[in-house]
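Quick notes on the structure that follows.
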Amino acid sequence: METREAARRATEPRLRPPRHRVQRRAIAHWTVRTLFATAAAAAPTGIAAVALALFEVVPWLVLALAAATATVAAIGLAVTAVMPAWRYRVHRWEVTDEAVYTASGWLWQEWRIAPLSRIQTVDTDRGPLQRAFGLATLTVTTASAAGPLKVDGLDAELAADLAARLSEATQAIPGDAT
């Protein structure tokens, strides 16, 4: 019995660092996306400060809104300066004949593995900004409570090829992936 258990463990995929990086273009994508988010977060208080200043209403409120706008913008720019390059250093992926491996995050980093026998669905997502950079996100859904594995920043053609490859591989495995 022990030899069967040892043989099973030897053939199971093990958690390890994935081999491949995402596309370098992902840095620019993440940078632009973070700049858009920063602008969206800073705009309401900035617009309110300008409007109140134009109508010379409550000068202390104009200063408070301007300070809030500057604070949000400074935090957003600091995140923009650090996050994209850091995420690029962390994000990895790999697809083998046995499993899908991912490493992601920047503050909270996560390594995940999904055996092919556990995969339920495989999807690719391409928002307008991703399309502009020729990128896509590959989403591999399993029955795991941790949620799907996502590889953000893949070349769009590569993501489509991987989705097709994983779909074929999971269909060839008997069972219902639960």
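Observations, loosely collected:
- Ligands, DNA and RNA are left out, and with a 1.4 angstrom probe the accessible area of the chain is 60 Å² per residue.
- Here segment 21-88 exposes an accessible surface that is 80 percent carbon and sulfur, computed with a 1.4 Å probe and the other protein chains kept in place.
- Sites ARG89 and LEU63, calculated FRET efficiency, Cβ-Cβ separation with R0 35 Å, nearest 0.05: 0.30
- Label separation (GLU98 vs ALA53): 6.2 nm, computed from points 7 Å beyond Cα along the C-beta direction.
- Calculated volume of the Cα convex hull per residue in Å³ (choose from (1) 213; (2) 146; (3) 173), label: (2)
- Solvent exposure ordering (accessible area, 1.4 Å, most first) of ARG24, ARG126, ARG131: ARG24, ARG131, ARG126
- Simple spin-label estimate for ARG14 and GLU157 in nanometres, 7 Å along Cα-Cβ: 3.6
- With both labels modelled 7 Å from their Cα along Cα-to-Cβ, the ALA146 to ALA164 distance reads 3.0 nm.
- For segment 7-108, applying the loop criterion from DSSP together with a ceiling of 12 other beta carbons within 10 Å to the GluC sites (Glu not before Pro) yields GLU56.
- Net length available on complete extension from GLN171 to ARG21 is 51.3 nm, with 0.36 nm assigned per residue and the Cα-Cα distance removed.
- Counting Lys and Arg as +1 and Asp and Glu as -1 over every other residue whose Cβ lies under 14 Å from the Cβ of ARG24, the net charge comes to +3.
The values are calculated or read from the model by the stated rules, or taken from the named source; none is laboratory data. Bear in mind that the values here come from a model prediction, so they are computed numbers and not experimental data. Note that each Cβ is placed from the backbone with ideal geometry, even for glycine, and that neighbours are counted across all protein chains shown. Heads up: the accessible areas ignore ligands, DNA and RNA and are worked out on the full protein's heavy atoms, side chains in. Shrake-Rupley method; radii C 1.70, N 1.55, O 1.52, S 1.80 Å.
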